[in-house]
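What follows is a short report on a single structure.
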Amino acid sequence: MSDWEYKPAGDLGLSPTQQLRSLGREAGLVSVLAHGAWCALTNGYLRTAHGFRVRGLEHLPTEPPFVVVANHGSHLDAVALAAALPGRLRDCAFPIAAGDTFFETPVTAAFAAIFLNALPMWRKKAGSHAMETLRNRLESDRVIYLLFPEGTRSRTGGMAEFRAGIGMLVAGTAVPVVPAFLDGCHSAMPPGARCPKFGRITLRFGAPRKFCETTNDRAGWREVASTLEADVQALRGD
Amino acid sequence: MNAFDHPVTLGITAGIVLLLVITPVIFEIFQCAGRLTPELRRELYARYFSWLILVPIMLVPILAGRLATILAIGMLSLLAYREFARATGFFRNRLPSAMVVAGIVLLIFAAADHWYGFFMALPSLTVSALVIVGLLTDQPKGYIQRVALAIFAYVLFGVCLGHFGYFANDRNFQPIMLLILLCVELNDVFAFCCGKFFGRRKLAPNTSPGKTWGGALGAFVLTTALFAGVGQFVFAGTVLAAPVHLITMGALLSFTGQLGDLVISSVKRDLGVKDMGASIPGHGGLLDRFDSLLFVGPALFHYIGYFVGVGLDQPMRIWTGG
């Protein structure tokens, strides 16, 4: 509880199209309603068509900020992760999505921003500036990042090595990182598939981990990535 | 009834189109006479190009009719509130912010239904609701500031701007609104030009460093004269066609128009932002452009309402009956 403080939206001063692609974007009333409706719809779909089950919800911190990292084998992954979050956390949950897939045209950018609440990560030009912006926001705002540290969807269903980018976000901070394993998304809708097939999808959350003591340098980032990769791998067999 | 049946509607529309056509010619004449510096020329052209987009956005709904005008003003209210809420950070208070939006939507409904009693009841009812909704989070620290911000936004962008929507219920609303819009916008242009040529003493250096007494007084005289000159045709046949009323309304418009501008300047200074948004290229946000309208609506609505009434001969409570 505090006195009122003026704090303009993180994307103030940007044109409407720039706002959609801004890493500082904050949802307004329209996006909150659209995103809420989208999550309700996808949750209903996943439960009906894929018998969607969520395990380990108790591992999620009660308050943001925190990060969820998961394996990535399908476009359904981000949908399933967002749908699994409790309603009160949904508005501050941002899937970090590939800029070149979801934010290239204004139409896809509007969809990704308004319905998915996604933030763009430009894979070919993901500079340290963008990572720093995301890290600063994680430390100062009530945000949850939903991240797929493999960097791209698996073509085989197996897990690729986690990239060090996740370390750049959390090394040396007290922000909890929750590992999650998505089982069944890849076989339901692998890369290249236009429509999902029926098939059970299960999401398992693991115990959160903090990296307060990890150094914020290349070695530290690598350590964060490999630790979290092992955490997610461990959930595969649960 | 065709929008252009009224000679003033036709005249103002034609005049605005003509003005847009000859403005670059005037710029070039001044340029040839050596009166324009390159910076001033760039500034004037930037404003001119945005007017090429803004004029149709303002003109078309008014010419399209009552409901289109009410909906366009409603949209302006909602977008202005959105800009304010995002600039202050108030939008993060989801429930009170949704309440302000609901209050604005109800004002649009009351105007569209032509239900004067509800339109006038809504400010006190919505303000009460905002004060009560503020309690629900059970966070007394900052309560007054949060609620005050909600009321400030609702009254300014919902109630004040909403008067323009209600104006559309008048049989004569097209020429009246075109006259008001023309004068409010030219009031800004007059203040800008007079300020450039005669501006010496700053009007409110801390609030808006660019404004001068010369600009304000020049705009006051020119706008009042313009309103009185065109207004005699708009209000012909009513008590408001008397010179004293025309001059009073013109003066009221210029004065309140400039005050609206100063209020938004003050808000921006307090927030430490240059513009309220970036939705209009070259102008900033909607509020940076439409700030002068804020108090003109209620001032002229109630002046006209007091002397001749607004929409009294038109069907009332169109949807709700009663």
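Sorted from longest to shortest, the spans of the Cα atoms of the protein assembly as shown along the three principal axes equal 88, 64, 48 Å. Here's how it looks for A:Leu119: its modeled amide H is under 5 Å from those of A:Ile96, A:Ala97, which are all 5 or more places away or on a different chain. The DSSP beta bridges internal to chain A are antiparallel in roughly 25% of cases. For the protein assembly as shown, the share of DSSP beta bridges that are antiparallel, to the nearest 5, is 30%.
Let a ≥ b ≥ c be the square roots of the eigenvalues of the Cα gyration tensor of the range A:67-169; is it rounded (a/c under 1.5), or, if not, prolate (a/b larger than b/c) or oblate?
Numbers: a/c = 1.16, a/b = 1.07, b/c = 1.09.
Rounded is the answer for the range A:67-169, as its axis ratio a/c remains below 1.5.
If R0 is 25 Å, what FRET efficiency do you get for A:Arg142 and A:Arg209 from their C-beta distance, rounded to 0.05? That pair, A:Arg142 with A:Arg209, gives E of 0.80. Note on chain B: with a GNM built from Cα contacts shorter than 10 Å, the maximum mean-square fluctuation among B:Leu203, B:Leu287, B:Leu181 falls on B:Leu203. Sorting B:185-193, B:19-27, B:63-71 by their mean Cβ neighbour count within 10 Å, with the most densely packed peptide first, gives B:185-193, B:63-71, B:19-27.
Classified by the C-alpha gyration tensor, chain B has an oblate form. Its axis ratio a/c, with a ≥ b ≥ c, is 1.5 or above, and a/b does not exceed b/c.
Take the Cβ atoms of B:Phe30 and A:Ala49, set R0 to 60 Å, and the FRET efficiency comes out at 0.30.
Please report the relative contact order for chain A, taking Cα pairs under 8 Å with a sequence separation of at least 6, and give it as a percent rounded to a whole number.
Details: 434 pairs, mean separation 62.6, N = 238.
26 percent.
Long hydrophobic helices in chain A, taken as whole DSSP H segments with a C-alpha length of 24 Å or more on their own axis and mean Kyte-Doolittle hydropathy at least 0.5: A:29-50. Using a/c under 1.5 as the rounded threshold, could you call chain A rounded, prolate or oblate? The axes a ≥ b ≥ c are square roots of the C-alpha gyration tensor eigenvalues, and prolate needs a/b larger than b/c, oblate otherwise. Rounded is the answer for chain A, as its axis ratio a/c remains below 1.5.
So what is the relative contact order for chain B, in percent, with contacts set as C-alpha pairs under 8 Å and at least six apart?
After rounding, I find 20 percent.
Full extension of the chain between B:Leu312 and B:Phe233 yields a length gain of 26.4 nm, computed as 0.36 nm times the residue separation minus the alpha carbon distance.
Cut-off is 10 Å between beta-carbons; in what order do A:Lys210, B:Lys268, B:Lys274 appear when sorted fewest neighbours first? Each step should come with its number before you reach the end.
Values: A:Lys210 13, B:Lys268 21, B:Lys274 10.
Least to most surrounded, the residues fall as B:Lys274, A:Lys210, B:Lys268.
Close lysine pairs were tallied over the protein assembly as shown: pairs 8 or more places apart or on different chains with Cα atoms under 22 Å apart number 10.
Please get the size of the charge dipole for the range A:1-108, origin at its Cα centre, with Cβ charges of +1 on Lys and Arg and -1 on Asp and Glu, quoted in debye to the nearest 20.
On the way: 8 positive and 10 negative charges, 82 e Å.
Once rounded to the nearest 20, the dipole reads 400 debye.
In the neighborhood of B:Leu52, defined by Cβ-to-Cβ distances under 14 Å, what is the net charge if each Lys or Arg adds +1 and each Asp or Glu adds -1? Spell out each step's value before the answer.
Working: positive: B:Arg47, B:Arg289; negative: B:Glu185.
That works out to +1.
Each part gets one Cα centre, and for the range B:107-129 versus the range B:245-306 those centres are 22 Å apart. As a rough footprinting exposure proxy, the listed residues B:Met276, B:Met75 were ranked by other beta carbons within 10 Å of their own, and the order from fewest upward is B:Met75, B:Met276. Sorted on the mean count of surrounding Cβ atoms within 10 Å across their residues, most packed first, peptides A:25-31, B:130-136, B:215-221 read B:215-221, A:25-31, B:130-136.
In summary, the helical segments of chain B meeting the span-like criteria, namely a full DSSP H run, a Cα extent along the axis of 24 angstrom or more and a mean Kyte-Doolittle hydropathy of at least 1.0, are B:7-32, B:94-113, B:116-133, B:173-198, B:213-234.
None of the figures in this text is laboratory data; all of them are computed from the coordinates on show. For clarity, every value in this text was computed on a predicted model and none was experimentally measured. Please note: Cβ atoms are built from the backbone with ideal geometry, for glycine as well, and neighbour counts cover all protein chains shown.
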